[in-house]
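Reviewing the structure listed below.
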Amino acid sequence: MPDHVPTDFREHEPAVSPTDTFAVVRSEDGRWYTVTGPCPTCRATVVFRVAYGVLGPPKRLLGGGRRTPEPLTGSIPVYCQCGYPHAEKPPESPDSGCGAFWEVPVPPPAPGTTT
């Protein structure tokens, strides 16, 4: 399969193939989720990172630090950030991909993991 299929830029929500697999990885501190997988439109491998919870350094108040947020449930909205040029992309567009966006379900935490 090619690394990228040239497509015109178009903001849209494509159907995700059931054969497409996505890795959803939670950071050790629980404040970031990284989604890796193929864009349903241009087929490039996309790495999308999203913040979750309160970011920034912990305030060292009564207790010594910030607690890890509860695991995220539901899904993560992912946007194509393939970095390839796409025809018809408006020059003022901040997108770095083909314009596709889709939802990736967050898997439940593995049994025995701490939050």
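The values are calculated or read from the model by the stated rules, or taken from the named source; none is laboratory data. These numbers were taken from a predicted model, which means no experiment stands behind them. Note that each Cβ is placed from the backbone with ideal geometry, even for glycine, and that neighbours are counted across all protein chains shown.
Filtered by the rule that a residue be among the hydrophobic types (A, V, I, L, M, F, W, C) and within 11 Å of the chain's Cα centre (by Cα), segment 40-50 gives VAL46, VAL47, PHE48, VAL50. Entry remark, segment 67-95: residues being within 18 Å of ALA51 (Cβ to Cβ), surrounded by 13 or more Cβ atoms within 10 Å (Cβ to Cβ) and modelled with pLDDT under 90 number 4 in total. Reported count of residues in segment 3-32, each being in a strand (DSSP E or B) and either of a type in the set (Asp, Glu) or surrounded by fewer than 15 Cβ atoms within 10 Å (Cβ to Cβ) (or both), is 3. Across segment 33-54, the number of residues qualifying as part of a strand (DSSP E or B), without any contact (Cβ under 8 Å) to a residue 60 or more places away in the chain and either in contact with a Ser or Thr (Cβ under 9 Å, 6 or more places away or on another chain) or closer than 18 Å to PRO108 by Cβ (or both) comes to 9.
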